[in-house]
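The values are calculated or read from the model by the stated rules, or taken from the named source; none is laboratory data. What you see is a predicted model, and the numbers here were worked out from it, not measured in a lab. Here the Cβ is made from the backbone with ideal geometry for all residues, glycine too, and neighbour counts use every protein chain on show.
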Amino acid sequence: MNEGDSHAPAVSGIKPNVVMIGPYLAILGGISFSILWPLAALATGDWVLGRDTLSELGGKDNAAAPIFSAGCALAGACLFVFALSLRSEVRAARRSAPVLAFASMGLLMVGVWNITMSPWHMIATVWFFASVAIGLAILACDFLRAKVMRASAATAVAGIAVTFISAATATLPFTEAVAVGAVIAWGTVAGAEMLGASRIVEQIP
């Protein structure tokens, strides 16, 4: 089948160790961070959405710090494996997947270098946000051109657009939260879409 064929499956073949684990981890990473983020905020009690950056949770002297750091590390590891899965199985992800894998390491380092570890934390933060934005922009363009995983591509475009709108109209901490939410939404949608595509491949004689 041609990659540009709208009826072609998004994945190139069946590799259970990659296709089945990577997408599940993408969903797991999104769900886990969605739980650990508010849990860390509740643990400290003085974190306010839109006023405080997420990174400030990692610098607290209470349970919020390890909870937030664990969330970043887990989400980063999940994104890394999912990026490898995309690189291996989705032909249209050959350019974007390595960038997303690079971004995942930045997210992991955000959890390792908390906000008190200057300038390393800022380096990790810029590393993650800049590379994940570039990776998702490339992914959206390539997926839409190849007509594969369109929901994932649309979610990436919407996330980037909403983040830029937020940057122009809201505070930096709120924009950061919107960007993180956009990445979570993309990972969850992409993981679910890739699982669906792998099942289509399994049904082809």
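Below, the figures for the structure above:
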| quantity | calculated |
| --- | --- |
| Test for Thr116: is it more than 13 Å from the chain's Cα centre (by Cα), under 21 Å from Gly59 (Cβ atoms) and either among the hydrophobic types (A, V, I, L, M, F, W, C) or not in a helix (DSSP H, G or I) (or both) | yes |
| Condition broken by Val11, with the remaining ones in (1) buried (at least 21 other Cβ atoms within 10 Å of the Cβ); (2) more than 15 Å from the chain's Cα centre (by Cα); (3) modelled with pLDDT of 55 or more satisfied | (3) |
| Extreme residue, surrounded by the fewest Cβ atoms within 10 Å (Cβ to Cβ), among residues of segment 20-53 that are touching a residue at least 12 places away in the same chain (Cβ under 8 Å) and outside any helix (DSSP H, G or I) | Arg51 |
| Only listed residue being over 20 Å from Glu89 (Cβ atoms) and of a type outside the set (Val, Ile, Thr), chosen from Ala158, Ala190 | Ala158 |
| Qualifying residue in segment 143-153 (condition: touching a Pro at 6+ places or on another chain (Cβ under 8 Å) and in a helix (DSSP H, G or I)) | no |
| Selection from segment 46-84 of residues that are out of contact with any Gly (no Cβ under 8 Å at 6 or more places or on another chain) and under 11 Å from Ile115 (Cβ atoms) | Asp52, Thr53, Leu54, Ser55, Glu56, Leu57, Gly59, Lys60 |
| Residues (modelled with pLDDT under 95 and of a type outside the set (Lys, Arg)) located in segment 84-96 | Leu84, Ser85, Leu86, Ser88, Glu89, Val90, Ala92, Ala93 |
| Qualifying residues in segment 73-109 (those that are assigned to a helix (DSSP H, G or I), over 14 Å from the mean Cα position of the chain (by Cα) and aliphatic (A, V, I, L, M)) - the one farthest from Asp61 (Cα to Cα) | Ala92 |
| Selection from segment 157-176 of residues that are under 19 Å from Val126 (Cα atoms), assigned to a helix (DSSP H, G or I) and touching a residue at least 12 places away in the same chain (Cβ under 8 Å) | Gly159, Ile160, Val162, Thr163, Ser166, Leu172, Pro173, Phe174, Thr175, Glu176 |
